[in-house]
Each structure stands twice: as structure tokens, then as C-alpha cells.
1. Among the residues of the stretch A:375-391 satisfying the criterion of being under 17 Å from residue A:344 (Cβ atoms) and buried (at least 22 other Cβ atoms within 10 Å of the Cβ), which is nearest to the other protein chains (Cβ to nearest Cβ)?
2. Given (1) modelled with pLDDT of 80 or more; (2) not in a strand (DSSP E or B), where does residue A:416 come up short, assuming only one miss?
3. Do you know which residues across the stretch A:313-334 are closer than 28 Å to residue A:379 by Cα and not in a helix (DSSP H, G or I)?
4. Only one of A:427, A:438 is surrounded by fewer than 21 Cβ atoms within 10 Å (Cβ to Cβ) and not hydroxyl-bearing (Ser, Thr, Tyr); which?
5. Could you tell me whether any residue of the stretch A:224-231 is of a type in the set (S, T, N, Q), outside any helix (DSSP H, G or I), in contact with a Ser or Thr (Cβ under 7 Å, 6 or more places away or on another chain) and touching a residue at least 24 places away in the same chain (Cβ under 8 Å)?
6. Just to check your reading of the model, which residue among A:201, A:218, A:183 is in a loop (DSSP other than H, G, I, E, B) and modelled with pLDDT under 90?
7. In the stretch A:42-62, what residues are modelled with pLDDT under 90 and not in a loop (DSSP other than H, G, I, E, B)?
8. Kindly indicate whether any position in the stretch A:279-302 is part of a strand (DSSP E or B), acidic (Asp, Glu) and either in the same structural domain as residue A:91 (by TED's automatic domain parsing) or within 32 Å of the chain's Cα centre (by Cα) (or both).
Amino acid sequence: MAIQIELGGTSPQKKAQTPAPQGSVLGIDLGTTNSLVSVVRDGKASVLFPSHERPLLPSVVSMSSRGEIQNVGDAAVLERASRPEHVLFSVKRLMGRSLKDLQAEIHEIPYALEDDELGAQVRIRVGETRISPVEVSAEILKTLKTRAEKVLGEPSNRAVITVPAYFDDAQRSATKAAGRLAGLQVLRVINEPTAAALAYGWSNERPGTVAIFDLGGGTFDISVLRIEENTYQVLSTAGDTHLGGDDLDRHLAGWILSKVPETHPLRKLGSSQLQAHLLVVAEKAKKELSALDHAVVHLEGFEVRVTRAEAESLWRPTLERALECCRSAIRDARLEVSQVNDVLLVGGSTRVPLVKKLVAEFFGRTPNDTLNPDEVVSLGAALQGEILSGRGEDRLLMDVVPLSLGLETMGGAVTKLIHRNSGLPTEAREVFTNHSPEQNAFDLHIVQGERELAKDGRSLARFRLRGLAAAPAGFHRIEVLFRIDSNGILNVRAKDLRSGIQQEIEVRPSFGITDEELMSMLEVAFEKAEEDMAQRQLVDLKVEASTVIRAAENVFKISGHKVEATTAAEFKARLVDLKNASHANSWKQLRDALDALEECGHELAELQVNEAISQALKDKDPAKV
Amino acid sequence: MSLLSFKIPQAYLDLGMPFFLALSPESEEALKRHLVRETRRLHPDLLALDASDEAREEHESRLAALNAAYLKLRDEDSRLDLVLEQIVADNPELGSGEKPQIPAALALEYFELQESLEENPGDAATLAALESFHSSLRIETEKLRREVSELSQAAACKSPEGMEPAHTSLPLAYVVKLRDLRDRQRYLVRLRSDLESKFQVSR
């Protein structure tokens, strides 16, 4: 009898149809605070943004009170003060997370959360609507895609999206799903610090060992890479998905609040409004403190003065956690701190002087802050897109597994199968046998993370090997091969060593959105997109029609009597048709009416042009024409 | 001197390098270079875009095996365990070896410590004794590690005449000593992690 693999909670991946590739591969940094998109043109990566806007798109999405997406980016940020409960920010922290995962920080999240039906992915409650972080992220990605297409003047449907190195599978899959929802084929999800290293080494080959210290708005990553002749080898990576500039803001906000007297009107605000307000002023003070030794916070008739030293003592414990990660990454790379040749600063929060100081002390060298810390990640993603589309000029990125993969064993302990920082792709084999004649199946539970107990790790997949024939204890020998491919996807193959029969399955984490759900969300999104587009075109055409009507009435008044009566009557009839169509809501009808009027209006239009010319000639000295 | 013949573990074949037991700083560097060179040869990202799915799968699978082998073989402990396991499998007459012995003084200290832990848990003197025991364990493991390391450096693997292909051999006396050292080392490491998990001793 053949052994079979049965998955619990997950479904085997169906090969999704890939749309025809369009345009250049977009490199997208989907950040906690800001996002941006880059592309490689003529071998050079650059950030794409509309000329009248900033390169950074705030990762902020606002919703109308009817639960529809209202604004993305700066426009949504503006709404934050007046209607905080409708403005979603830092959703990256919620990607692929359930309420249980978020327990420790739930008090820091200003909006209402609830689990989805599977209890695997939170949804945000906005008024009567529920929206998942994946959908919110998809809105940000859509905006970035549109931005890029506008600048490039052509559609683009492929992307490389970056994630913190320490993102687990659920978080990565959620990110991919957001990409697909935004109409992008995600060629690969790569680690932010690795992308930064790629951008750093691309144009200026500097062989050696580089540490990339990436402190963003919400996450911290450290990666150690060895760069040599076209090869970027990640040696190790470590990080904390809950450590970033937002934490600095929060600590400062808490301190500011402690200085506000109990009688101050601010104290009367609801807690979410108060928090939103304080975070805004704290962030502003934080930025000022990067340049000045003190900042003054103005709070309606009350001032709080904060010195850089005071702020730094609030921030130091948080930043020490980042250094702890650095220590672990250096150890995993089997290096001494002194062997690191350069330390690259990435992420907006590395602008904080205390960060630079602590990094310099830790590594014993002045960190390299010459690259734009906001842009370098997205540039690197675009460069990886270049490699994946065969234009990388023989460059190669050797990436690693960010988190260990283990199997739950008896008693809930975890046996590591694949260790973190193993090169990608990689694999591990394990042979299982039956403990009794009656045993005809094995249950396997794959856990991700460094913790010793399965319950502390992140459950990646459960599946069952079944169909074993009754046989004496120890008879069966089932070899299970776990492979993580170069895209970071886990493949499990089971082979009956006695019969040679093999079974294979691709494991996908249950991060809350099943393939079916995603497909239906995609369908809705496409339908909506068509609806939105049609609505938009109708509005544009109505504007055009009203201009034409005004012009036509004018022409008719001036020249209507100069053409044949039938032509004039025809023109008049068409004009009436157009007026009617412009009040109706059919794009097609309106377009036809416009075309019809234009056709019969030729003669009139010519007449008028000729008259205008002769009039002009009359007025002016012929010699000058 | 009697020699134990054994099959070269699969990891060496996956790695594509001749058998070695010890790594000098130079050979460690050579191992790293080998990894990069082979990865460049096998990585699917460097394949032509129109390469067949079969070619991709073939490259992917060989590189996965290479990466797994590299991790096993670059690490001294796991490399020794892999080789010893193979030697025992191919030479069943070796048996399971003697129960690892730890130095008598250390054993005595351990028993005394256990006693006082039962009588006065949380007592300052007991905790201090625990710390001191923990650090002597660390020193002892380190000593053993160095011994194992020196011993494996000294190993000269031979491929005597008439041996099956992909086999190599090591002197029996040497293997016995290496296994004993490695068992003791493992035992101490277990003791240490046991203590650490039970009593939160600082590292």
C-alpha cells in the first residue's frame, strides 16, 4: 500500500496561473512606516515617484465611514489627527499574526482587532467593516504600482518585495498574498538587509565582510554578509520584529504624558486620540533631537522640554536589545566583531545619534551612513529583480534560512531539522519507524523558530503520513525529506525505503487566508477595479462632454445660419442627444453621442475656423501674417 | 596496528571534497571557497531563463544537499559525530563503548551539590557553589574539546590497497580514544545545559 501525506489546516499549493510579464521588475520596500518603489533602468536603480510628490509613501491607509478605502499615503496621514479610528498605520506589525501572537503588544495598537475564522490572522475593525492587514498592505502596494507605472509610462506586473530578515513564514506568505492582491506577480520575497547589501555592493565592489544594521519604524534586522566577486553571501541574520523607531516614539510619548498635569484639557481626550496625538508630537521631538540637544513639545497652552540626554536614557534599553541581536549574528557567522570591515546603516531610525553612537561602540568603527537609509532597501530589491529576470550580469545572492525549522517530538519538545542561517536551498532527512504493529500513520508537526518547546514556536504545518501496512514494530522505514527551496518554500517528501514509493507535498503555512479565499478576494478586487475604472472614465467623459456642449452651442449661435438647413437641423438634433446622454450614466452612450456630434459638426467647425482666421487677418497687418 | 575501514559519509560526497577529519584555518578557508564556487555553479538563479524544469530541479536538489552537507562538515562536533556514527555502523564489533566517565573530583562535586540543592535550595552559598560547578564544567568541556581537536588533527586517513571505493580507514586505538573523548564531552555538555535550564545559571 502506498503511503500518503495528508495535511491538516493547510492545502497543497495549486499552481496559480502566471500572467504574462509586463515591464521592468519593481523593487518594493513595504515598510512599517514608509514604503517605496524602485526600478532598474540602464543598469542603474532609482526610486520612482510622481514629480510633485515625495519619494516615500507613508504606509498609511484611511477608510471612509462606509468602510471603503479612502486615501493612501500623505493624504491619509493628514486624516490621522481628526479621525484616528479610520486611519490604519503600522499594519506590517499585524501581517500573518493572530490575536494570540499579538498578546504582548495589543495595548500599543490603537484600533480594534479580532481574529478571523481560522484564528490565524487578525482583522482590523473599522466601524462596521473588517479589513485584514493583507488587504491594507495590498492598497499600499497598488498605490506604489500605479506610481511606478505613471513614471515608466507602461504597465508593470512583477515585483520583488522586501521583508525583515526575521519575518517567519506566515509573515512572508501574508506579504506575498498582499502582492498578488495588488495584481503583482511576486518573483521573490527577500530580506531587507540583504537587499541593502546588494545595493551597497552593486556599483562599487568592495570585497569584505559587511554588517547591515537596519533599524526601521517597526522592525530591527542585522545581517552579516561576505561580498566577493559578484557574490553576496549572507553569513547570518538576526533581528527583532518588534523593535524600531515606533518604540522610541512610544517611550518618549509616555514620558511626555507623565509631564502633563492631571488638569490639562488633553487628559480629557479618549485614550486612542490622546495616544495618537502624543505619538505625533513625540515623533516630531525625536526628529528634532537628531539635530538639537533639546526639543520643546507644545501641547495646547503647555510646554514640555525634553533634552537629548533624557530621551536617550529612555531609549537606551530598547536599543540594547538591538545590540544583543548583533552579538548573536556575529556569533552565528563564526566571526569576531573585529573581522567586520564595514557597518552599513539602513532604515530611517539610524538617523538617531544614539543609534550611531551605540553601533560605533559595538563594532569599534564609525558606521557607514553614506547611503540613503530610506531608499537603499527598495533599490536592492529592484536589483534582485534584475538578477531574477536574467540581467544580473552573473551576480548572485546567496541567502540563508532566517529561522530554524523543527519537528515536534514526544512531550512537545522540538528537534531541529534545519538550522537557522543554513544556506538556501537546503534540506534535512529523517527516518521514521512504527512503534507497534497497529501503528499505520505518523503525525508530523513542523514548527518554526528557535524555541525549545513546540508551543512557543510558530506552527508551520501539521500533516499525517498514512497508509502503512500492519507490520512488526520497527519494520517500516519512512524517510522524510524536508527541503526549503531557493524561494524559501518548504517541500516535504516522504519515501517508503522498503518499497521505494514516494509522495510529495508543498507545505504552505496557514496564515489565515487560504488560497480559495485569496482567489475570491482577487476576483472581488478585479471586479472592483473594473468598476472603479469605469466610474472614473465616465466622470472624465462627462467633463469632456460639457466642454463640447458649451463650444457647440457657441458655434451654432455664430455659424448655424451659414450652413444648409439640413446640416443645421442634424447638428441641433445631435447636440440634444449629447445633452441627454451627459445626464445618463452610460459611458458608451455618451461616447457615441460625442462622436456623432463631432462628425456632423465638421462643416460648422471648419466654417468657424475659417471665419476666425479671416477675422484675425482683418484685424492684423497682412504683412505680419 | 589494526585499521577500521568505513564508508565515507554521504555528506562528503554531497560536498564534493575528499575525506577530512580536522580543519586547519587554511582548509576551513578552502572549504568556504569551495562552497561559493559550487553554489555559483549550481544556483538556479544563475541558470539560463529558458532552462527546463528538470534542470532547475536537478540544480536545486544538488545545491540543497551541498548546503546541508556544508553545515554538517564545517562544524567540528557534528562532523565527528557523523564520522563516528558511520564507523560504528560499518564496524558493529566496536559495540557501544563504555559509559562515559567524568573526572572523579567533578563527579564528587556534582553529588555534593545535588545534596545541598535538595537541603537548602535558594541558599546563597549553594547558589555560589552551583555557579562554581557550572564554570568548572565549562573549563572541563573546553579542555576536552581541545583534546578532541588535537586528536582529529593528528588523524591521517589512509586508503589501503584493496579497499572498496568511497571507503577510508582510521586506526582502531585512535577511534576508541576519539569516541571516548567525544562521549565525555557530550555528557558534560548535557549536564551543563541541564543545570542551566533548571537553575538559570548565568553563562
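The values are calculated or read from the model by the stated rules, or taken from the named source; none is laboratory data. Predicted model only: the values in this text are computed from it and were never measured. Here Cβ is always computed from backbone atoms with ideal geometry, including for glycine, and neighbour counts include all displayed protein chains.
1. Step by step, filter the stretch A:375-391, then rank; the result is A:384.
2. All conditions pass for residue A:416, except number (2).
3. A:333
4. The match here is A:438.
5. no
6. When all the criteria are applied, what remains is A:218.
7. Answer for the stretch A:42-62, where residues must be modelled with pLDDT under 90 and not in a loop (DSSP other than H, G, I, E, B): just A:44.
8. no
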